[in-house]
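See structure below.
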Amino acid sequence: MNKSKGVFFTILSAISFGIMPIIAVYAYKGNCNAFTLTFLRSFFAIFILFLYLKCKKVNIKLPKENILPLILLGVLGYSLTTLTLYLSYNYISVGMATTIHFIYPIVVTFVCILFFKEKVNKANILALLFSVLGIFLFFNNNSCIDFKGVFLALFSGFTYSFYLIYISKSNLKDMSPFKITFYLSILASIFIFIIGSLTNQISFDLTITAWILSFIISIITAIIAVISLQ
């Protein structure tokens, strides 16, 4: 039963992440950009998760030993993954960017085998082969490939791999996924706002549609997708 639940939440997370790029493209048409969307995704999630944690009477006090791991995870894993993936949409199609981003299962598996001595079975190997094949099949000679976009999407896959491995191997693995996402959202909001402000890349001159779509993306990714996967 637990394994079935795990499979269900994994599929739900993958579907949620898959829907997000399509909505992001329409948000971009409403004067939104990668920095603004990354900030709003995390900013909206803070209030939703805070209300949930309060309603469930979850203690949101953070132990001292979890502060540094959360900062590291929030900046390198959570913030950079989202930002680089959203930036890649400016150079390549969302389909190609998302496909390249999904290199992370391969990276996670190889790191766990090499450094954590985890064992794999035939089903794992077959799944990885299909993953690699899917990435290569998405490229064709007629496509105009911007390698800056490819690099950003690939980078997002590696940072997300770090996020998944670190959260499962650190002392954060026993913390409530809602509580983790709450603090990651706070850290991401602060980090992206500072970087976006310093580089003049963040703007709130959005259309009403872009505001609504940004809120929807926050619910789908920062809450449903992230928490389901955790």
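Listing for the model above:
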quantity: Helices (runs of 4 or more DSSP H) fully within segment 91-149 counting 2 or more residues that are in contact with a helix residue (DSSP H, G or I) (Cβ under 9 Å, 6 or more places away or on another chain), of a type in the set (Phe, Trp, Tyr) and modelled with pLDDT of 85 or more; calculated: 104-116
quantity: Test: residue in segment 205-223 that is open to solvent by 60 Å² or more (accessible area, probe 1.4 Å), modelled with pLDDT under 90 and not in a helix (DSSP H, G or I); calculated: no
quantity: Some residue of segment 27-49 being open to solvent by 60 Å² or more (accessible area, probe 1.4 Å), out of contact with any helix residue (DSSP H, G or I) (no Cβ under 6 Å at 6 or more places or on another chain) and in a helix (DSSP H, G or I); calculated: yes
quantity: Residue list for segment 76-93, filter: under 14 Å from the mean Cα position of the chain (by Cα) and aromatic (Phe, Trp, Tyr); calculated: TYR78, TYR86
quantity: Residue within segment 195-204 that is touching a Gly at 6+ places or on another chain (Cβ under 9 Å) and either in a loop (DSSP other than H, G, I, E, B) or crowded, with 16+ Cβ neighbours inside 10 Å (or both) present; calculated: yes
quantity: Boolean, LEU85 is among the hydrophobic types (A, V, I, L, M, F, W, C), in a helix (DSSP H, G or I) and modelled with pLDDT of 90 or more; calculated: yes
quantity: Options LEU184, LEU137; residue that is of a type in the set (A, V, I, L, M, F, W, C) and farther than 21 Å from ARG41 by Cα; calculated: LEU137
quantity: Qualifying residue in segment 120-143 (condition: hydroxyl-bearing (Ser, Thr, Tyr) and in contact with an Asp or Glu (Cβ under 8 Å, 6 or more places away or on another chain)); calculated: no
quantity: Any hit, segment 76-88, residues being over 25 Å from GLY134 (Cβ atoms) and without any contact (Cβ under 8 Å) to a residue 12 or more places away in the chain; calculated: no
quantity: Members of segment 153-175 that are polar (S, T, N, Q), open to solvent by 40 Å² or more (accessible area, probe 1.4 Å) and outside any helix (DSSP H, G or I); calculated: ASN171
quantity: Residue match in segment 148-165 (condition: of a type in the set (S, T, N, Q) and over 15 Å from LEU80 (Cα atoms)); calculated: no
quantity: Given (1) β-branched (Val, Ile, Thr); (2) under 23 Å from ILE22 (Cβ atoms); (3) open to solvent by 60 Å² or more (accessible area, probe 1.4 Å), number of the condition ILE192 does not satisfy; calculated: (3)
quantity: Any chance ALA24 is part of a helix (DSSP H, G or I) and modelled with pLDDT under 90; calculated: no
quantity: Matching residues in segment 57-75 - criterion: being without any contact (Cβ under 8 Å) to a residue 24 or more places away in the chain and open to solvent by 70 Å² or more (accessible area, probe 1.4 Å); calculated: LYS57, ASN59, LYS61, LYS64, ILE67, LEU68
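The values are calculated or read from the model by the stated rules, or taken from the named source; none is laboratory data. Note that the coordinates shown come from a computational prediction; the quantities given were computed from them, not determined experimentally. Glycine also receives a Cβ, built like all others from the backbone with ideal geometry; neighbour counts cover every protein chain displayed. Surface areas here come from the heavy atoms of the whole protein model, side chains and all, with no ligands, DNA or RNA. Shrake-Rupley method; radii C 1.70, N 1.55, O 1.52, S 1.80 Å.
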